[in-house]
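No lab work stands behind these numbers, since they all come straight from the coordinates. Because the structure is predicted, anything quoted here is derived from the model rather than measured. For neighbour counting, all protein chains shown are included, and Cβ atoms are generated from backbone atoms with ideal geometry for every residue, glycine included.
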Ligand SMILES: [Fe+2]
């Protein structure tokens with residue numbers, strides 16, 4: 001879905017534009033108050049398609065400030081200035097002079113997103129759909145034609161074919177496009193499903209063909225985890241994302257069942273070239289499951305449940321990995337986030353628990369573990385004193401997830417990254433209830449245990 005930022009202080013006109021853009025173009029309209037809010041959003045959401053901005057908001061020369069920002073950051077976002085445009089070069093912006101002319105603005109947006117005038121009249125959908133370039137590193141062949149979008153003028157784009165269906169390519173080829181600044185390839189909308197199924201099948205096959213003890217296992221698992229999380233956030237649970245989830249979780253459970261010794265496994269994960277979210281999730285699943293083993297209550301069903309909880313706990317923070325490092329209210333306050341981001345972090349456990357209920361394969365009760373994974377039973381915020389009131393499995397999960405967080409933070413701080421003892425000490429300090437201490441002792445014992 002296309003995303004368009006709208007800066008407009010006339011409420012009625014704002015509403016009119018939002019309604020028409022979302023209805024006729026199917027794009028999401030993100031309201032922002034002034035230039036500062038726009039540039040802040042652009043720095044974290046670089047995939048915005050267009051910005052509609054009134055020339056001035058109050059005394060602020062908003063359009064000028066945003067234009068300067070786009071020039072400096074070299075971002076290819078179309079700027080539509082409503083009213084008097086600031087001095088500009090040809091092709092730098094689209095100017096709609098009449099501040100009431102919403103129809104022209106909607107038409108420009110339709111053009112940018114590839115929605116044709118005929119389809120605006122009927123039920124519009126963009127002809128070509130963007131696919132993040134990063135996904136092309138995961139495959140070496142395409143099942144369908146792949147295009148790149150070329151800018152012809154400020155609001156006119158052409159789609160040029162780059163690969164035919166069945167073409168093979170290697171990572172260097174994709175890297176060359178990336179080096180030239182390309183962020184997305186495009187596929188025709190009729191082939192989107194075909195393409196996403198192909199990537200998913202390819203990843204699943206690769207994981208199935210990798211030996212569980214092989215050094216490639218962690219890397220392949222990390223690739224699939226990252227891809228699956230992003231796809232789930234974008235498309236929800238489809239047959240492709242369900243298959244990916246099941247494969248990743250199946251492998252996590254298999255690894256726990258086979259692995260005789262935890263600290264070696266944690267170091268394999270921590271030393272792999274992979275994302276923070278993957279490392280944190282996989283480590284949480286390993287620590288929590290080993291804890292159950294140590295307690296003599298380890299069963300495949302429980303491992304499976306813990307792996308699901310580990311996979312999904314921070315899924316709503318996929319685009320903001322650093323936010324998943326926050327595990328206390330004090331850290332949240334110290335992070336100085338914008339109001340919207342603060343809300344996103346504060347509610348992320350609740351959001352993830354709502355998402356998992358839409359997965360028909362998820363084990364019963366996993367949403368409750370996800371909701372309380374920072375100790376708060378309502379999924380909002382953090383608590384370290386409420387642990388004893390949570391069910392046993394959840395309690396173990398909370399401590400395992402927080403242990404994984406400090407373990408990873410310790411790696412960042414220490415050049416050696418191998419000394420484990422201080423991490424467990426931090427946890428003993430943080431969680432001082434009897435139940436927490438009992439579980440932390442189990443984790444400590446498991447860490448020291450050799451095969
Ligand atoms: Fe979290």
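Structure notes:
- Per-residue Cβ neighbour counts within 10 Å put 169, 311, 195, 163 in the sequence 169, 163, 195, 311, beginning with the fewest.
- Order of 426, 356 - criterion: other Cβ atoms within 10 Å of each residue's Cβ, fewest first: 426, 356
- Convex hull per residue volume in Å³, alpha carbons only, for the chain: 160 Å³
- Helix 62-73 vs. the chain, principal-axis angle (Cα, 0 to 90°, nearest 10): 60 degrees
- Rg and Dmax [Cα atoms of the range 128-193; Å; Rg one decimal, Dmax integer]: 11.6, 34
- Against the chain, whose longest principal axis is taken from its Cα atoms, helix 300-312 shows a tilt of about 30°.
- Each Cα pair under 8 Å and six or more residues apart adds its sequence gap; the mean of these over the residue count of the chain is a relative contact order of 9 percent.
- Beta bridges assigned by DSSP with both partners in the chain are antiparallel in approximately 50 percent of cases.
- Mean projection area, nm², convex hull over Cα of the range 140-260: 9.1 nm²
- Dimensionless Rg/Rh of the range 286-338 - Kirkwood Rh, Rg from C-alpha atoms: 1.15
- Relative to the 2.2 N^0.38 Å rule of thumb, the range 199-304 has a C-alpha radius of gyration ratio of 1.04.
- Over the range 1-55: Kirkwood hydrodynamic radius from C-alpha pairwise inverse distances, Å: 11.3 Å
- Spherically averaged projected area of the convex hull of Cα atoms, the range 89-213: 10.7 nm².
- Scattering curve values for the range 245-363, log₁₀ I(q)/I(0), Debye with Cα scatterers, q = 0.10, 0.12, 0.17 Å⁻¹: -0.34, -0.48, -0.90
- The angle between the Cα long axis of helix 35-44 and the longest principal axis of the Cα atoms of the chain comes to about 50 degrees, rounded to the nearest 10.
- Inverse mean reciprocal Cα-Cα distance (Kirkwood Rh) of the range 211-448, Å: 17.6 Å
- Its relative contact order, with pairs defined as Cα atoms under 8 Å and 6+ residues apart, puts the range 128-193 at 48 percent.
- Tail weight of P(r) past 19 Å, computed on alpha-carbon pairs of the range 3-122, percent: 41 percent
- Distance from the range 375-393 to the range 242-301 (C-alpha centre basis), Å: 22 Å
- The range 328-407: C-alpha gyration tensor shape, a/c 1.5 cut-off, then a/b vs b/c: oblate
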